[in-house]
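Read the figures in this text as sums done on the coordinates, not as results from a lab. Being a predicted model, the structure only gives us computed values, none of them experimental. Every residue, glycine as well, gets a Cβ built from its backbone with ideal geometry; the counts of neighbours run over all protein chains shown.
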Amino acid sequence: MATRTVQTVRAGENNAKQRASTSARNSAVDTVRNPATDLAPATPRPASYLAEFAADVRASLTKQPQRELPSKYLYDELGSALFEAICVLPEYGLTRADARLLQRHARDIVDALDSPVQVAELGSGSGKKTRWILEALARRQRTYYYPIEISPSALAACEKEMGQIELVSVVGYEKTYLDGLRAVATRRDTQDNLLVLFLGSSIGNFDRGAGDEFLREVRKTLRHGDALLLGTDLVKDAATQILAYDDPTGVTAAFDLNMLARINRELGGNFVLSQFRHQARWNDAERRIEMHLVARSLQEIHIPRANLRITLEPGESIWTESSHKYVTSEIDDMARRTGFQCIDQWVDAQWPFAQNLFLAE
Ligand code: AVJ
């Protein structure tokens with residue numbers, strides 16, 4: 001009797017029935033690699049991936065007056081591992097607050113939805129905190145869980161971990177958020193309600209306008225009766241926020257700098273990491289933390305596979321990530337503007353963070 005199922009759908013594939021065992025995937029790349037690029041992806045990337053990475057790097061690094069790099073490229077295998085370490089930093093209370101709220105209120109959350117419910121998660125990471133929701137649901141029904149994740153290593157960890165829960169079937173999607181969600185929405189049965197999880201304040205990576213636009217796109221994939229659980233980190237005192245993104249052990253700095261190392265590895269770049277300093281800034285007007293990598297001296301950057309040469313002035317920065325922070329009172333409006341109704345909100349007592357339950361109108 002098979003009560004557990006684990007499947008993976010990778011980019012470019014639509015057949016959810018295809019089973020991909022981890023060993024089969026690993027043996028396909030079991031070749032001797034160049035030591036300089038030995039951190040190259042452990043799983044095959046779609047052919048278009050490198051061209052897209054190069055184009056994104058080129059477009060964002062040439063932006064003026066502020067050079068940028070897209071934050072989604074922070075999450076290669078090493079970046080995902082460093083992010084997991086960030087989540088256990090004493091200074092980064094966000095993940096623990098998120099998990100506490102899910103653990104404490106899993107029952108309330110799933111009780112707001114009619115069975116049968118299938119669960120999709122945007123950017124599952126290792127999926128650890130999702131366990132509470134899946135266990136609460138599995139108590140009343142067999143539950144399908146669709147983690148949608150662009151990091152193959154994070155997805156594999158998630159599938160392994162969540163595939164252990166009785167009465168939970170895992171079908172992983174190695175896709176971007178919206179591509180993954182569209183694929184999930186097409187495969188579900190007509191009577192199933194979908195609960196979409198967007199946890200950990202990942203919405204904070206979007207500028208406010210783009211966040212609205214994204215939520216509207218999510219709403220378009222959903223039907224009346226579906227729900228979105230949205231985690232939002234709340235505004236708190238500036239010192240606490242800065243420390244959460246510039247921890248004294250330097251884990252966040254390593255996470256940030258790894259973006260340059262990744263460009264060196266995958267696109268042949270010549271960034272000298274010791275010549276860059278990680279910086280966390282609080283932008284009060286936009287209510288967000290910004291991560292920057294600041295050049296310590298003049299840097300002549302050459303990235304052959306992006307066909308790019310740039311000069312960074314001493315003190316010039318590359319903006320690598322935004323983490324927007326919210327006030328509880330703005331969330332209702334955010335829901336209404338994007339086709340949802342916020343029917344419940346839970347706030348952690350130790351670290352200002354809110355779990356918001358949106359119903360598709
Ligand atoms: C995963 C985007 C929610 O913004 O807090 C943590 C990423 N960056 N420390 C966040 C992050 C630096 C994180 N999100």
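Would you pull out the residues with amide H under 5 Å of Asn270's amide H, same chain only if 5 or more places away, H placed 1.01 Å from N?
For Asn270, the qualifying residues are His302.
Hey, if you put +1 on the Cβ of every Lys and Arg and -1 on every Asp and Glu Cβ in the stretch 189-235, which of Leu229, Leu195, Ala210 ends up farthest toward the positive end of that dipole?
Ala210
So for the stretch 268-361, averaging the separation of alpha carbon pairs under 8 Å that are six or more residues apart and normalising by length, what relative contact order in percent results? Working shown, then result.
Numbers: 153 pairs, mean separation 19.1, N = 94.
About 20 percent, as a whole number.
Determine the percent antiparallel among the DSSP beta bridges restricted to the chain, to the nearest 5. Walk me through the numbers before you get to the answer.
Numbers: 34 of 60 bridges.
Of those bridges, close to 55 percent are antiparallel.
When Glu321, Glu161 are ordered from fewest to most other Cβ atoms inside 10 Å of their Cβ, what list results?
On the way: Glu321 23, Glu161 17.
Least crowded to most crowded, the residues run Glu161, Glu321.
Compute the distance in nm between two label points, each set 7 Å from the Cα along the Cα-to-Cβ direction, one at Thr311 and one at Val347.
Distance between label points: 5.1 nm.
Through the Karplus equation 6.51 cos²θ - 1.76 cosθ + 1.60, θ set to phi - 60°, convert the phi angles of the stretch 286-295 into ³J(HN,Hα) values in whole Hz; use x for Gly and Pro.
Once rounded to whole Hz, the list reads 9, 6, 8, 8, 10, 9, 10, 10, 9, 5.
For the stretch 138-204, what does the relative contact order come out to in percent, with C-alpha contacts under 8 Å and a separation of six or more? Write out the running numbers ahead of the final one.
On the way: 64 pairs, mean separation 21.8, N = 67.
Dividing the mean separation by the residue count of the stretch 138-204 yields 32 percent.
What's the magnitude of the charge dipole for the stretch 60-120 around its Cα centre, counting Lys and Arg as +1 and Asp and Glu as -1 at the beta-carbon? Answer in Debye, nearest 20. The partial results should precede the final answer.
On the way: 7 positive and 9 negative charges, 41 e Å.
About 200 debye.
Nearest 500 deg cm²/dmol is fine: what mean residue ellipticity at 222 nm does the chain get from its DSSP H runs of n ≥ 4 alone, each adding -39,500 (n - 2.57), divided by its residue count?
Working: 11 runs with 123 residues, N = 361.
It comes out at -10500 deg cm²/dmol, rounded to the nearest 500.
Sum up the charges of everything whose Cβ sits under 13 Å from the Cβ of Ala335, counting Lys and Arg as +1 and Asp and Glu as -1, but leave Ala335 out.
Local net charge: -2.
Around Gln118, which amide H atoms from residues at least 5 apart in sequence, or from another chain, sit under 5 Å from its own amide H, with H modelled in the peptide plane?
Under 5 Å from the amide H of Gln118: Asn193, Leu194, Leu195.
Could you size up the charge dipole of the chain around its Cα centre, putting +1 on the beta carbon of Lys and Arg and -1 on that of Asp and Glu, and report it in debye to the nearest 20?
On the way: 44 positive and 48 negative charges, 166 e Å.
Magnitude of the dipole: close to 800 debye.
How high is the relative contact order of the chain? Use alpha-carbon pairs under 8 Å, at least six apart in sequence, and give a whole percent. Don't jump to the answer; show the numbers that get you there.
Numbers: 695 pairs, mean separation 71.2, N = 361.
Reported as a whole number, the value is 20 percent.
Less than 14 Å Cβ to Cβ from Val57, Lys/Arg counted +1 and Asp/Glu -1: what total charge do the surrounding residues give? Could the numbers behind the result be given before it?
On the way: positive: Arg58, Lys63, Arg67, Lys72, Arg262, Arg265, Arg305, Arg309; negative: Glu52, Asp56, Glu68, Asp76, Glu266.
Within the 14 Å Cβ shell, the charges total +3.
Among His302, Trp346, Gln279, whose Cα lies farthest out toward the positive end of the dipole of the chain, if unit charges sit on the beta carbon of Lys, Arg (+1) and Asp, Glu (-1)?
His302
Using a Gaussian network model of the chain with C-alpha springs under 10 Å, which one of Leu122, Leu298, Leu82 is most mobile by mean-square fluctuation?
Top of the fluctuation ranking is Leu298.
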